[in-house]
Amino acid sequence: MAHWSLNDIPWHAFDASKASPDLVSLAKAASMVEYNGQDYARYLNEVFADDEEFKPVVKQWAEEEVQHGMALRKWAELADPSFDFDRCFKDFTTGYKLPQNVQASVRGSRSGELIARCVVETGTSSYYTAIAESTDEPVLKAICLKIAADEFRHYKLFYTYLKHYLVKENIGPAKRLIVALGRITESEDDELSYAFFAAHNDGSLIYDRKMYGGRYMACAYALYRPRHIQRMVSMVLKAVGVKPPEWVDRGLAKIAWGFMSLRTRRLAGYRRQVMADAISTDLLAA
């Protein structure tokens with residue numbers, strides 16, 4: 001089946017009244033992270049330098065990631081015509097750098113790298129599903145449903161190659177779990193917080209990881225529901241190679257949901273700041 005294009009998005013249906021400030025902020029940040037897909041591709045091509053079968057897969061994956069960024073950019077520009085993507089993206093890629101000129105994966109093995117990719121695709125698929133289910137803005141909903149489906153397909157793709165490399169490298173479940181947990185903890189690293197900062201920086205702001213990371217996470221975490229967390233837990237366990245009884249799977253999901261709920265409550269003040277800043281900006285514009 002042919003991949004979708006920007007022409008498949010119902011741009012004419014955009015409803016500015018349903019573009020909430022927190023979702024606009026998240027879309028701006030996500031547009032830059034997704035658009036940076038070619039940098040990720042360069043890193044993966046270095047890690048898998050001699051895998052001639054996998055490199056075309058990486059190329060296609062990166063092109064789809066870039067398209068995600070383009071779609072989110074266009075929506076963000078509709079929601080906020082003052083959004084200068086090119087300037088913000090330059091700020092983002094200057095302030096946040098991916099590993100370059102590597103000889104091997106930072107995860108210790110190619111299997112580890114693919115596990116990390118599975119974790120990322122798990123998170124993004126659930127994230128865009130959560131956005132789609134939380135918004136009434138029809139264009140953003142359409143975009144996020146398409147991206148979520150792509151990210152789930154990407155998960156299956158990386159998982160297929162993971163099984164291939166596990167035969168070669170024989171990485172056990174314990175090591176796989178360590179890699180997965182390590183990548184999960186990185187979800188609160190500088191990449192997303194700096195993207196959120198760059199999306200709002202008019203040149204006068206100073207990066208504060210705690211503040212901008214808090215603002216990003218407060219807006220993002222508030223979107224999730226238990227079903228999204230259950231799905232993430234199941235997908236991560238599959239990548240790790242662990243198939244626990246259903247009651248254990250559900251129990252782990254409840255623990256993860258409890259942690260997410262606690263973090264959301266503790267970060268609520270940051271989300272209020274995002275909303276207050278948006279109101280203040282609107283008043284100034286008026």
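The values are calculated or read from the model by the stated rules, or taken from the named source; none is laboratory data. Computed from a prediction, not measured in an experiment: that's the story for all the values here. FYI the Cβ positions are ideal-geometry reconstructions off the backbone, even for glycines, and counts take in every protein chain you see. Just the protein is used for accessible areas: all its heavy atoms, side chains included, with ligands, DNA and RNA removed. Shrake-Rupley method; radii C 1.70, N 1.55, O 1.52, S 1.80 Å.
For SER193, are the conditions met, namely being under 22 Å from ALA30 (Cβ atoms), polar (S, T, N, Q), surrounded by 14 or more Cβ atoms within 10 Å (Cβ to Cβ) and out of contact with any Leu (no Cβ under 7 Å at 6 or more places or on another chain)?
yes
Can you go through SER111, SER126 and tell me which one is touching a residue at least 60 places away in the same chain (Cβ under 8 Å), over 12 Å from ALA180 (Cβ atoms), assigned to a helix (DSSP H, G or I) and open to solvent by less than 20 Å² (accessible area, probe 1.4 Å)?
The match here is SER126.
Okay, residues lined up against (1) open to solvent by 30 Å² or more (accessible area, probe 1.4 Å); (2) touching a strand residue (DSSP E or B) at 6+ places or on another chain (Cβ under 7 Å); (3) hydroxyl-bearing (Ser, Thr, Tyr):
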site: ILE131; (1), (2), (3): no, no, no
site: SER134; (1), (2), (3): yes, no, yes
site: HIS154; (1), (2), (3): no, no, no
site: PHE158; (1), (2), (3): no, no, no
site: HIS164; (1), (2), (3): yes, no, no
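To keep it simple, each residue is scored yes or no on (1) open to solvent by 50 Å² or more (accessible area, probe 1.4 Å); (2) among the small types (Gly, Ala, Ser); (3) closer than 30 Å to TYR161 by Cβ.
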{"site": "ALA199", "(1), (2), (3)": "no, yes, no"}
{"site": "ARG209", "(1), (2), (3)": "yes, no, no"}
{"site": "ARG215", "(1), (2), (3)": "no, no, no"}
{"site": "ILE229", "(1), (2), (3)": "no, no, yes"}
{"site": "VAL233", "(1), (2), (3)": "no, no, yes"}
{"site": "PRO244", "(1), (2), (3)": "no, no, yes"}
{"site": "ARG250", "(1), (2), (3)": "yes, no, yes"}
{"site": "SER261", "(1), (2), (3)": "no, yes, no"}
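What are the residues in region 1-37 that are touching an Asp or Glu at 6+ places or on another chain (Cβ under 8 Å), surrounded by fewer than 18 Cβ atoms within 10 Å (Cβ to Cβ) and not in a loop (DSSP other than H, G, I, E, B), if any?
Within region 1-37, just LYS18 meets the criteria.
Within region 265-282, can you find the residues that are buried (at least 18 other Cβ atoms within 10 Å of the Cβ) and either outside any helix (DSSP H, G or I) or of a type in the set (Val, Ile, Thr) (or both)?
Answer for region 265-282, where residues must be buried (at least 18 other Cβ atoms within 10 Å of the Cβ) and either outside any helix (DSSP H, G or I) or of a type in the set (Val, Ile, Thr) (or both): LEU267, VAL274.
Which pairs do you get when a residue that is within 16 Å of ASN45 (Cα to Cα) and in contact (Cβ under 8 Å) with a residue 40 or more places away in the chain, found in region 149-163, comes within reach of a residue that is charged (D, E, K, R) and part of a helix (DSSP H, G or I), reach meaning Cβ atoms under 6 angstrom, with the pair 6+ apart or on two chains?
So the pair list comes out as PHE158/ARG117.
Among the small types (Gly, Ala, Ser) and open to solvent by less than 20 Å² (accessible area, probe 1.4 Å): which single residue out of ALA79, ALA41 fits that description?
Of the residues listed, the single one that is among the small types (Gly, Ala, Ser) and open to solvent by less than 20 Å² (accessible area, probe 1.4 Å) is ALA41.
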